[in-house]
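Beneath this line is the structure, given in structure tokens, with notes to follow.
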Amino acid sequence: MDDFDDVVQEFLVESYENLDQLDRDLVALEKEPKSHERLASIFRTIHTIKGTSGFLAFTKLEQVTHVGESLLVRLRDGTQELDKPSADVLLRMVDTVRELLAQIEQNGAEGDLDVQDVIDAVTACITGGPAAAAPAAPAAAPEVAAVVEAPATPEEPEAKVEVEDEEHDEPEQHEEPSAPVAVNAPAPLAEAAEEGGSKRSVADSSIRVDVNLLDALMRLVGELVLTRNQMIRAADAAGEPNLSRAAQRLNLITSELQESVMKTRMQPIKQLWSKLPRVVRDLSSACGREVELVMEGAETELDRSLLEAVKDPLTHLVRNAVDHGIEPPETRVATGKSREGTLTLRAYHEHGQVIVEVCDDGAGIHPEKVGATAVKRGVITQSQLESMDNDEILKLVFRPGFSTAAKVSNVSGRGVGMDVVRANIEAIGGAVDLKSVPGKGTTWRLNIPLTLAIVQALIVDSGEQRYAIPQMAVHELVYVDGQSGSVVEYVSGAPVYRLRGKLLPLVRLSEVLGGPGTDKASDSEIYVAVLKAEGRQFGLVVDRVLNTEEVVVKPLASRFKDVGCYSGATILGEGQVALILDVQSLARRAHLSSLERTVGAGQDEQVTASSNGDRLLITKVADRRIAIPLSMVTRLEDFPAKNVERVGTREVVQYRDQILPITRLSQLLGAWSETDREVISAIVYSEGGHSVALAVDSILDIVESDDVTRSNLDDDGLAGSAVVQQQVTELLDVRRAILAADPQFFNADYAGFDMAGA
């Protein structure tokens, strides 16, 4: 019902504007009856009102405009000439239309207004019969009609937006002595206005504003935000109470003004969705699908500058869902589903962003199929595939040229699409995520910023320069101090950081921007901003992290655009200019793809415990210190003890769609350990597509094996011992320990504890 009311309100606003123009055109046409252009404009206006009133079931309004349209057709075709009687009945028709619109606005219906006299008068003018006399004093019109003559300006309908006036206070009075104003104030409404109970009509509660004016206003607000930042910084430095209070007040007003101006640029996403029902209908017919389209959150608003950027990616995702996601009706029935699939578009606000989801209840995406296709097409290697979890495998669909379609059609199979979707969304500072459950369906999630003009940014230092990183691209911050095992490692000369058991490629901002290289000695105290670009996660090494700040994005000159590392510039609170980093361009400039391959190869290498130059993970098992080569560690995990189950005599836990066996090192090494812990710390080792978890009491540190004094003294399951950090530490032979618990683990045909086969 609310949607219908919105349609009626838009119809009223547009009709009132058209009627004001219609009055002027009819008066001008009476002076120039041969003006075909003006006559055509009048006809189009009446025809538009007639068509919409018929759609909205306003019968009287449709009848009045229909008979008026018939007279205009005769005038346009030259069958009848415009004279004073015909001009009179047309103006009378316009007045009746205005009265009907007022009734609709006030009561939601046309009421009992008699329109037959007007219809008879226009009909008589057409047939040449006697016209019904117009009433000497028209009945109280339902509104104040004000016509202001002003110099005509070229209209730009494409560059206009509706700006809704949400305030309902007394309208401001503007004196315009040079503009002639004709006012028709019927008694009832005039009396109400004198009593102070003025009630705005729909036409008075909205205005049309040129988009260029809104853009200029937004730029001025951006300058005000910069001044606000500088004022706050100066007030803090001065320590003057009165100045601080004034700065706080300025901050509050600026924030409210910024929010209000941004609202004028916002448009509901339903404008973007309006064409999708037709797309779904045509595509489902072409693909032999039965699809119901459900839209939720159509009123969610987005900056108008972003609507066009989101249009093509969203359309592609919808087409992909119909063609790839939802199965043919016969297949759905065979699997126990309804014949008709459901495609849901959902939009909502979350954490200062607009979230758009495209969900289908189709077959879902099978990681096994995606992985096999990726290896076949050379996107990744088999060893890389074995070390990836299902979420990482699914994200391979964003790689350029990737497609799982069995054949090429006019809809899919050409390997062009998802990489473009991701590139377009990331180009506006957004992100794309994918979740899929085989047999249940797929959800594509778009994270879109509210606006590109003013953004939250992380301010960092690199060398003597200051830079801003858009907050949306920053996942977390890591401080590497070298004191608690947090250190930078090197794989084939490439710097990496072990973040929660996985190697994170590092990119040094100073080197990417052409600064001097750094040596390993400078890795002791650095800041790493964990970023995500083009579906890949990497760490950006900076010298110092300052703060987060709301910055205004300023466009760059063409010479800076050619550099390819910056998306804009801004002025910080202290007045210093800072360049805004383009995270996607940084990743490409740093050759992140080749760096990832190097890191992946280093992560796949499995070396023995006796290798020199290895790093050791120091763990605690009961009262003993056990060292494990980091090269034998795939991941570090913590499992709730309540999730541990049993298969025969083995302890297992459900892990990444597998049944993961657990080997407790305390039992294997004959050490007494507490068994009532709520959380089990484990080192996951993977090989040949299956894994095992080595449970320890706690993880202590990571050390360089070069600094270890070794001894050949060993025991069952150990590769020797060493003095590490001035304490005797036992070196675990990982392969022997695993074989002791599961003798078949390293066999080529070992099936492991697969969920499907269990």
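Sort segment 223-284 into rounded, prolate or oblate with this rule: let a ≥ b ≥ c be the square roots of the eigenvalues of the Cα gyration tensor; rounded if a/c is under 1.5, and if a/c is not under 1.5, prolate when a/b is larger than b/c, oblate otherwise. Prolate, since a/c reaches 1.5 and a/b exceeds b/c. Measuring between alpha carbons in the structure, the pairs from K435/K554; K620/K642; K395/K440; K275/K532; K369/K532 lying more than 28 angstrom apart are K435/K554; K275/K532.
For E105, E308, write out the residues from largest to smallest accessible area, computed with a 1.4 angstrom probe and no ligands counted.
Values: E105 50, E308 125 Å².
Greatest to least solvent exposure: E308, E105.
Computed extension length for Q382-E464: 25.1 nm, one decimal, from 0.36 nm per residue of separation with the Cα-Cα distance subtracted. Each of T123, T729 has its accessible area taken with a 1.4 Å probe; listed largest first, they run T123, T729. For segment 355-394, the residues whose backbone nitrogen is under 19 Å from a point 7 Å from the Cα of V279, taken along Cα to Cβ, are 355-362.
Please work out whether segment 336-388 counts as rounded, prolate or oblate from its C-alpha gyration tensor, where a ≥ b ≥ c are the square roots of the eigenvalues and a/c under 1.5 means rounded, while otherwise a/b larger than b/c means prolate and anything else oblate? Don't skip to the answer; put the middle values down first.
Numbers: a/c = 3.82, a/b = 1.51, b/c = 2.53.
Judged from the Cα gyration tensor, segment 336-388 comes out oblate (a/c at least 1.5, b/c at or above a/b).
The distance from the alpha carbon centre of segment 208-237 to that of segment 287-311 is 31 Å, rounded to a whole number. Put simply, the amide H of G720, placed in the peptide plane, has neighbours under 5 Å in D715, L731, leaving out anything fewer than 5 places away on its chain.
Can you give me the long-range amide H partners of R289? Hydrogens built in the peptide plane at 1.01 Å from N, cutoff under 5 Å, separation of 5 or more residues or another chain. Residues meeting the amide H criterion: none. Within the full protein context, the accessible area of M632 is estimated at about 10 Å² for a probe radius of 1.4 Å. Taking all protein chains together, E62, E678 sort by accessible area into E678, E62, largest first [probe 1.4 Å].
Give the shape of segment 236-361 as rounded, prolate or oblate, defined through the alpha-carbon gyration tensor: a ≥ b ≥ c are the square roots of its eigenvalues, a/c under 1.5 means rounded, and otherwise the shape is prolate if a/b is larger than b/c and oblate if not. Prolate, because a/c is 1.5 or more and a/b exceeds b/c.
The values are calculated or read from the model by the stated rules, or taken from the named source; none is laboratory data. Note that the structure is predicted; figures quoted are calculated from it, not measured. All Cβ positions, even for glycine, are placed from backbone atoms using ideal geometry, and neighbour counts span all protein chains on display. Heads up: the accessible areas ignore ligands, DNA and RNA and are worked out on the full protein's heavy atoms, side chains in. Shrake-Rupley method; radii C 1.70, N 1.55, O 1.52, S 1.80 Å.
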